[in-house]
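The next block holds one structure in the form of structure tokens; read it before the comments.
Here, each number is a calculation from the coordinates, and none is a lab measurement. No experiment lies behind these values; they were computed from the predicted model shown. Here Cβ is always computed from backbone atoms with ideal geometry, including for glycine, and neighbour counts include all displayed protein chains.
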Amino acid sequence: MTPREKFLAEAAKRILINDGGFGTEIQALRLTEADYSGSLGLSHDQKGNNDILALTRPDVPAGIHRAYFEAGADIASVNTFSANRISQADYGAEHLVREINVASARLARTVADEFEARDGRPRFVAGSVGPTNKTLSLSPDVNDPGYREIDWDFLVDVYLEQSRALVEGGSDFILVETVFDTLNCKAAVMAVRLLERELGREVPVMLSMTLTDLSGRNLSGHTVEAFWYALRHAKPLTVGLNCSFGAAQLRPHVRTLAQIADCPIMVYPNAGLPNELGQYDELPEQTAAMLREWAEQGLVNVLGGCCGSTPAHIAAIAKAAQGLPPRAIPTHRSETCLAGLEPFVMAA
């Protein structure tokens, strides 16, 4: 059974549970510069480079994966959100990209396999690919709208390098998450397609958009519907929303996506919005209650948490979703569906 087939078989039985926030869990440990830098001898300070902990403190990400699986998660998102050549350049660690991704994926794979062996319930590993800190759609210079810091081919190569290492380390899927620029997402999909040619097999992709305003658009200006119509050709394993502004404000946009996407919906919001100190106050029971409503209304197939969510949040979400049927996946409409910043549907 292929990873896609195995995942879809499980998703047909029940609502699956994604894990929770990684960065906030690491921050709570109050690690020192020595924890991050280890004996790598890098020229830049590494504090805050969460991805590099796979090399210097592998017990940290392994422990977080274990805590989320103990809480009831079915999916581990690999701790590689910024483990790409662009983001790692800020730490002078771009030469370690392959090593970080392979090591991180192996940690998640080892823990996932350990839990699957315990009870026979399948556990999955999703290699996390973040958006980088560059954008293909927008200029960073207000005086030069046509300027771009990077181009398409460069970003595709960046994503290909990371995705190749994530699969080598044992990832089942590539999770392209926190998509603020739809064109960046397309570059990531292209990279995975190139990887599939190299490997001679499918590498399923999961796509997750983040909204930057309450009207339901990402930074490149696309609505949820436009995002789906722009990426549906990728035949993603799941599509959904993450991060953004918390479950309460995401609800109408989850409903919109659930009505049109002919694949499973995965949503993992922040635990509310951060307070003035940057901390998240939303209690596990509050998050779980809102996500249970989505499940009761048949809107979701996979639930989890993003920034501020903890193993306690994931445990509460898993308990809230238990016994509720997964969303029924609709048949795709036989219409021409196009997208600029807004969707355009040409009736048959």
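What is the gain in length, in nm to one decimal, between Asp262 and Leu214 on full extension, counting 0.36 nm per residue of separation less the C-alpha to C-alpha distance?
Full extension from Asp262 to Leu214 adds 14.8 nm.
Output wanted: per-residue J couplings in Hz (rounded whole) for the stretch 73-86, from phi through Karplus 6.51 cos²θ - 1.76 cosθ + 1.60, θ = phi - 60°, x for Gly and Pro.
5, 9, 10, 9, 8, 5, 6, 9, 3, 10, 8, 10, 4, 5
Expressed as a whole number of Å, what is the distance separating the alpha-carbon centroids of the stretch 263-332 and the stretch 229-253?
13
So which of Lys6/Lys47; Lys47/Lys235; Lys47/Lys134; Lys134/Lys235; Lys134/Lys319; Lys47/Lys319 end up more than 32 Å apart, counting from Cα to Cα?
Lys6/Lys47; Lys47/Lys235; Lys134/Lys319; Lys47/Lys319
Given H placed 1.01 Å from N in the peptide plane, which residues other than close sequence neighbours of Leu219 have an amide H under 5 Å from its amide H?
Thr212
Taking amide H positions as placed 1.01 Å from N in the peptide plane, with prolines and chain starts having none, which residues 5 or more places from Gly20, or on another chain, fall under 5 Å of its amide H?
For Gly20, the qualifying residues are Gly305.
Just check the stretch 3-346 against the gyration tensor rule for me: Cα atoms, a ≥ b ≥ c as the square roots of the eigenvalues, rounded for a/c under 1.5, and otherwise prolate or oblate depending on whether a/b exceeds b/c.
Taking the square roots of the gyration eigenvalues as a ≥ b ≥ c, the stretch 3-346 is rounded.
What list of ³J(HN,Hα) values in whole Hz, one per residue of the stretch 55-66 in order, does the Karplus curve 6.51 cos²θ - 1.76 cosθ + 1.60 (θ = phi - 60°) give from phi, with Gly and Pro shown as x?
Per residue, the Karplus-derived 3J(HN,Hα) values read 9, 9, 9, x, 5, 5, x, 4, x, 5, 4, 4 Hz.
Compute the Cα gyration tensor for the stretch 189-240, then decide on rounded, prolate or oblate, letting a ≥ b ≥ c be the square roots of its eigenvalues: rounded whenever a/c is under 1.5, prolate when a/b is larger than b/c in the other cases, and oblate in all that remain. Could you put the intermediate results ahead of the total?
Values: a/c = 3.05, a/b = 2.80, b/c = 1.09.
Prolate is the answer for the stretch 189-240, as a/c is 1.5 or above and a/b outweighs b/c.
Rounded to the nearest 5, what is the percent of antiparallel bridges among the DSSP beta bridges in the stretch 214-341?
20
Please work out the Cα center distance from the stretch 43-121 to the stretch 186-210, rounded to the nearest Å.
Going from one Cα centre to the other spans 20 Å.
Could you please report the charge total around Ala320, scoring K, R as +1 and D, E as -1 over all other residues with beta-carbon less than 11 angstrom from its beta-carbon? Could the numbers behind the result be given before it?
On the way: positive: Arg292, Lys319; negative: Glu285, Glu293, Glu296.
Net charge in that neighbourhood comes out at -1.
When a/c is below 1.5 the answer is rounded, else prolate if a/b is larger than b/c, else oblate, so apply that to the stretch 154-214 with a ≥ b ≥ c taken from the square roots of the Cα gyration tensor eigenvalues.
It comes out prolate by the Cα gyration axes.
Once every DSSP H run of n ≥ 4 in the chain is given -39500 (n - 2.57) and the sum is divided by its residues, what mean residue ellipticity at 222 nm do you get, rounded to the nearest 500 deg cm²/dmol?
Details: 13 runs with 144 residues, N = 348.
Helices in the chain give a 222 nm mean residue ellipticity of -12500 deg cm²/dmol.
Give, in nm to one decimal, the length gained when the segment between His332 and His233 is fully stretched (0.36 nm per residue of separation minus the Cα-Cα distance).
Result for the pair: 34.4 nm of gain on full extension.
If amide hydrogens are placed 1.01 Å from N in the peptide plane, which non-local residues have theirs closer than 5 Å to the one on Leu338?
Amide H to amide H, under 5 Å and 5 or more residues apart or across chains, Leu338 pairs with Phe344, Val345, Met346.
Based on DSSP, what percent of beta bridges with both residues in the chain are antiparallel, to the nearest 5?
20
What's the ranking of 107-120, 18-31 by average number of surrounding C-beta atoms within 10 Å, highest first?
18-31, 107-120
Got a sec to turn the phi values of the stretch 166-171 into Karplus ³J(HN,Hα) couplings, 6.51 cos²θ - 1.76 cosθ + 1.60 with θ = phi - 60°, whole Hz, x for Gly and Pro?
Working through the residues one at a time gives 5, 5, 4, x, x, 5 Hz.
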